[in-house]
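Here is the structure we will look at.
The values are calculated or read from the model by the stated rules, or taken from the named source; none is laboratory data. Only a predicted model underlies this, so the values are computations on that prediction, with no experimental measurement involved. A quick note on method: Cβ atoms are made from the backbone with ideal geometry, for glycine too, and the neighbour counts reach across all protein chains shown.
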Ligand code: SF4
Ligand code: SF4
């Protein structure tokens, strides 16, 4: 691309350049370190096989899935439903819940029904020569932000995170992040907290398909990748950690310095030459060791207390790590059991996380203390969060999902 055209696009994307610089400054001020290896590498205990997506708990509910027979039987016995997505009996819902359910159904639709192919890749004679990976990465981040991304990070695609049998030949993954509406998520478990989740899914699909189309238009291959339960292509958690979005947290999610775990992510893979970002380290493991909020307030005991362990509890977890294993089968069962009242739990584990706070000076100071303070201070911050936000031990009677 000639210098003049570069200047034109750079000028047009100045607001996004400013957003990027603000984000970089934010991480520097917090003392977030860039590291050569993702911090989960410390906890790898054995070979990591590419995961068979039929073992994904969401996919086990499909009637023809050979791994899910027992799960489907117990799911039906406990919930009365074949699938957590079975239609809700609207007439049995309270008016307030009908409003919430209508909202979440509206927020869900785009993500649920929109499975576009990328636009055709521009043939070689029309290709735009983009030979500077650093400049390309900056451009891609700014364009994704223009489309609505709140954070964008780039990594080389580690094929271990591509589900077994899925072929993704691209070298890079662009990880797009958007955050949940905090006021909606705070209602968990409720239809409105489910809305906060599905709204991010829909926005992510919109942003990633636009970004993929843009790259294809330049003459490079690109495709948004499915991560959801009925058609997943990649494991999003390690991919986002590799890209430096955040670190692995107790509830099995990625915890970022900006959003905590109050966010969703989706990738675009591509062969456009890019400069990958580095993974980051800011003490998430130590903080989660001082905090068990997500485990305490999860209504189904799906999140473990204490230290990480080596043995995966179910076939839905991939071995090879010492980690906090989350029981997704329990989430699903709970979601379906509570259909008359709540479409899903909607992420109570997200709502109660102390990192789920706005980026204002007070909370930024607390963030800094949470990263750099000694263990007693971390515990004090967790206690302070519990008191300040009136956390209650239980949402109602804890649901017994023990096998
Ligand atoms: S989504 Fe709900 S049920 Fe699942 S782990 Fe989080 S709090 Fe527990
Ligand atoms: S609630 Fe506490 S333990 Fe759970 S992810 Fe957040 S910081 Fe970690």
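Does region 145-162 hold any residues that are over 16 Å from residue 23 (Cα atoms) and either modelled with pLDDT under 95 or outside any loop (DSSP other than H, G, I, E, B) (or both), and which are they?
Applying the first criterion (over 16 Å from residue 23 (Cα atoms)) to region 145-162 yields 147, 155-162.
If the condition is that a residue be over 16 Å from residue 23 (Cα atoms) and either modelled with pLDDT under 95 or outside any loop (DSSP other than H, G, I, E, B) (or both), then 147, 155, 156, 159, 160, 161, 162 are the ones that fit.
For region 127-144, check the following and say yes or no: at least one residue is in contact (Cβ under 8 Å) with a residue 40 or more places away in the chain, within 16 Å of ligand 1 (Cβ to nearest atom) and either part of a helix (DSSP H, G or I) or within 21 Å of the chain's Cα centre (by Cα) (or both). No, region 127-144 contains no residue that is in contact (Cβ under 8 Å) with a residue 40 or more places away in the chain, within 16 Å of ligand 1 (Cβ to nearest atom) and either part of a helix (DSSP H, G or I) or within 21 Å of the chain's Cα centre (by Cα) (or both). For residue 378, the stated conditions do not hold, so it cannot be described as outside any helix (DSSP H, G or I), under 28 Å from residue 23 (Cα atoms), in contact with a helix residue (DSSP H, G or I) (Cβ under 7 Å, 6 or more places away or on another chain) and within 16 Å of ligand 2 (Cβ to nearest atom).
Name the residue that is nearest to residue 268 (Cα to Cα), counting only residues in region 111-126 that are modelled with pLDDT under 90 and assigned to a helix (DSSP H, G or I). For region 111-126, the residue satisfying everything is 111.
Exactly one residue out of 307, 258 is modelled with pLDDT of 95 or more, away from ligand 1 (no atom under 16 Å from the Cβ) and over 26 Å from residue 194 (Cβ atoms): that is 307. Quick check on residue 280: is it over 20 Å from residue 145 (Cα atoms) and modelled with pLDDT of 95 or more? The answer is yes for residue 280.
Given the structure, is residue 346 closer than 15 Å to residue 251 by Cα and either near ligand 2 (Cβ under 10 Å from one of its atoms) or crowded, with 22+ Cβ neighbours inside 10 Å (or both)? Before the answer, list the steps.
Values: closer than 15 Å to residue 251 by Cα: yes; either near ligand 2 (Cβ under 10 Å from one of its atoms) or crowded, with 22+ Cβ neighbours inside 10 Å (or both): yes.
So residue 346 fits the description; yes.
Residues that are within 24 Å of residue 259 (Cβ to Cβ), away from ligand 1 (no atom under 13 Å from the Cβ) and assigned to a loop (DSSP other than H, G, I, E, B) within region 310-358 comprise 354, 355, 357, 358, listed in sequence order.
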